[in-house]
Amino acid sequence: MTSKGSRYDTEQIEEIYREVKSYQLLDDSSSSSSELSSSPILHTAKNSLRRGLLALFSAPPTIKFAKSAKRDSLYLACVLYNKDRVMVTEEDRYLPLLEVENSYGTNATVTTAFNWLMKVNCHWSEINKLKHDMEKLNNVTSYSVKLLLLTALQQLQSLTGVQDLGMLHYQPIRDENTGAVVFVFVRQILDSKHFSFQQNLKWTTLVKFHKNTPRSDCLGSILSTELIMYREGSHQPVSPGLHLGYLQAELCNNGVLRVMVPSQNPNSLPSVKIRDNANVTKDEWKSLLELSSHCQQCTDNQSSKSKSLFKKQLVRATRKLMDCLNIPADVALRHEIYSCEVLEFSPRVSFIILLPPSPAICHQRSDAKLTYPTDTQINQETLRVPVKSFEVSHLHTYQPSFISSYTKAMLALDVEMTAALQAQREAFSRTEIETTKPLVEDLKAHNLTLENIWKEARWLTDVVRTAREKNYTGILVKALYQNLLNEHKGDTSQHYSTKEASCCQHQLTKSDQHKSNTNNCGTTNNADTMTSCNTSISNEELSDPEASDRVIPCALNYLDMGAFI
């Protein structure tokens with residue numbers, strides 16, 4: 001069975017990184033080469049050296065933390081916390097905050113800078129080297145904001161005395177009053193006793209901070225419970241095993257694609273654990289594929305006990321997940337199981353994906369005609385996170401070596417490509433032209449390879465794109481349930497009668513009429529909230545065959561309540 005776990009090609013990425021660094025276009029040591037002594041890149045390095053000597057004899061600017069947000073300015077902030085305390089300036093009102101630029105331009109500029117900063121966030125130890133290389137390239141407009149960000153990061157590291165400022169929050173924080181934008185880093189300081197304070201910084205309680213800083217203030221609104229909860233939850237993987245995950249994306253008005261995640265585990269999808277064994281056998285998966293609409297007549301009447309147990313576990317997990325998301329019965333039965341593959345997040349964690357009815361898989365946020373769970377219907381302990389931020393957080397948790405290697409290679413390739421293109425534009429002699437042309441072609445080939453590797457790793461967008469294709473056929477939840485009922489009709493060893501199964505089948509047919517009798521908003525009061533959504537079926541249910549056989553009668557009762565099955 002196909003899985004994404006085998007597509008995280010870290011070795012190939014490391015090989016590309018070594019080849020890119022071997023060009024040494026920006027290494028100071030390359031100046032000894034007679035062949036490239038007249039290269040425009042080296043002239044740039046010499047100019048950078050002259051600027052460095054001038055800066056050596058000029059007075060360094062005084063760096064101070066910002067105390068207010070200016071209109072349309074870009075800032076960097078860090079939240080360093082320990083239990084119920086947070087690091088602030090001496091006034092007890094301000095977080096460590098530095099201005100990056102007094103006018104950031106367009107929203108597209110902010111988005112580009114933020115996505116690039118997510119890559120830098122993976123390599124704190126490389127900031128000085130990266131900034132040094134980028135400063136050698138003069139007149140590169142695309143580097144202006146990036147250099148300002150790196151400078152602000154270095155200053156923030158120096159003022160706080162912390163090299164690793166933590167994880168970048170999943171989205172910029174914007175002040176509605178001034179239009180200022182803040183990129184926030186969050187880190188938990190585990191051992192505050194051995195933490196060396198820098199000047200003008202101290203610990204204060206969160207209560208005291210919020211008391212001194214009004215929430216209407218941009219600096220006060222930065223530090224929220226959601227921000228710290230997201231940081232702590234994004235480091236927690238789900239328990240090992242096979243899970244059923246719910247995928248729903250939405251396209252916002254600004255063109256950003258967001259995905260629904262649980263606030264307590266934002267690095268994964270809303271999910272329910274199916275069983276402890278993360279592997280799905282070929283026979284188990286084939287028994288599901290036979291339920292797809294194009295081969296419904298191929299059902300195996302002699303289904304083995306293992307395949308039957310697997311389908312019962314899947315039905316039970318589906319019911320629990322729908323229950324958590326407050327999805328009404330008529331909509332729930334029209335959901336589909338993603339039929340292309342089982343996603344392998346790590347060797348011990350696999351996911352089967354549950355999709356809402358198309359086109360609700362990826363909808364416009366303003367479209368109110370679709371019957372999908374909205375923010376007001378789903379328990380409020382969910383977030384809508386930009387897909388790019390989700391992918392980085394997800395890979396940090398389940399494939400840390402892959403995301404580290406990929407971001408390192410992309411940062412290096414970006415600088416080397418810019419240097420090679422600049423040298424090609426400024427090349428004058430025939431020797432310079434012949435030297436730079438193959439370099440540019442090689443770097444472009446490496447960039448294409450990295451893009452293809454990244455596409456293979458982006459399972460979320462792959463699932464959304466595939467599921468929205470016209471020729472795609474998923475596994476209907478209703479077909480799965482109907483198949484399970486048909487299997488039990490001819491099995492006289494079950495603990496319930498054929499009459500009950502027939503009644504349950506009647507309720508399945510009747511479920512299409514629930515749309516007019518139930519609240520389409522799906523606002524069923526539920527004791528099972530999203531706090532228990534990323535949970536598992538009890539061990540007794542997983543191991544007890546008799547408990548599995550009781551799924552059908554329980555499901556029948558649940559359908560009578562108008563919730564699901």
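Within the stretch 273-289, the residues that satisfy the criterion of being crowded, with 16+ Cβ neighbours inside 10 Å and either assigned to a loop (DSSP other than H, G, I, E, B) or modelled with pLDDT of 95 or more (or both) are K273, I274, R275, A278, V280. Picking from residues in the stretch 164-179 that are at pLDDT 90 or above and not in a strand (DSSP E or B), the one that is surrounded by the fewest Cβ atoms within 10 Å (Cβ to Cβ) is D164. Considering only the stretch 230-244, I want to know if a residue exists there that is modelled with pLDDT under 85, open to solvent by 10 Å² or more (accessible area, probe 1.4 Å) and touching a strand residue (DSSP E or B) at 6+ places or on another chain (Cβ under 8 Å). Looking through the stretch 230-244, none of the residues is modelled with pLDDT under 85, open to solvent by 10 Å² or more (accessible area, probe 1.4 Å) and touching a strand residue (DSSP E or B) at 6+ places or on another chain (Cβ under 8 Å). Contact map, the stretch 70-92: residues that are within 24 Å of T205 (Cα to Cα) paired with residues that are of a type outside the set (A, V, I, L, M, F, W, C) and crowded, with 23+ Cβ neighbours inside 10 Å, Cβ distance under 6 Å, separation 6+ or inter-chain. Pairs shown: C78/P96.
Can you tell me how many residues in the stretch 415-435 are surrounded by 21 or more Cβ atoms within 10 Å (Cβ to Cβ) and either without any contact (Cβ under 8 Å) to a residue 24 or more places away in the chain or touching a strand residue (DSSP E or B) at 6+ places or on another chain (Cβ under 7 Å) (or both)? Number satisfying all stated conditions: 0.
Of everything in the stretch 75-93, what is assigned to a loop (DSSP other than H, G, I, E, B) and of a type in the set (K, R)? Give them in sequence order.
Correct list: K83, R93.
Scanning the stretch 144-191 for residues that are more than 15 Å from N121 (Cα to Cα) and of a type in the set (D, E, K, R) gives R174, D175, E176, D191. Looking only at residues of the stretch 436-457 that are under 20 Å from K136 (Cα atoms) and of a type outside the set (S, T, N, Q), we find that the one that is surrounded by the most Cβ atoms within 10 Å (Cβ to Cβ) is L443.
The set of residues from the stretch 381-414 being in contact with a strand residue (DSSP E or B) (Cβ under 7 Å, 6 or more places away or on another chain) and of a type in the set (F, W, Y) comprises F390, Y398. The residues of the stretch 127-146 that are closer than 27 Å to V256 by Cβ, over 26 Å from the mean Cα position of the chain (by Cα) and open to solvent by 30 Å² or more (accessible area, probe 1.4 Å), listed by number, are T141, S144. If you go through the stretch 290-322 and keep only what is farther than 17 Å from G241 by Cα and at pLDDT 90 or above, you end up with R319, M322.
Among the residues making up the stretch 94-109, those that are surrounded by 18 or more Cβ atoms within 10 Å (Cβ to Cβ) and not in a strand (DSSP E or B) are Y94, L95, P96, Y104.
The values are calculated or read from the model by the stated rules, or taken from the named source; none is laboratory data. Predicted model only: the values in this text are computed from it and were never measured. Positions of Cβ are generated from backbone atoms using ideal geometry, with glycine treated the same way; all protein chains shown enter the neighbour counts. What goes into the accessible areas is simple: the full protein's heavy atoms, side chains included, and nothing from ligands, DNA or RNA. Shrake-Rupley method; radii C 1.70, N 1.55, O 1.52, S 1.80 Å.
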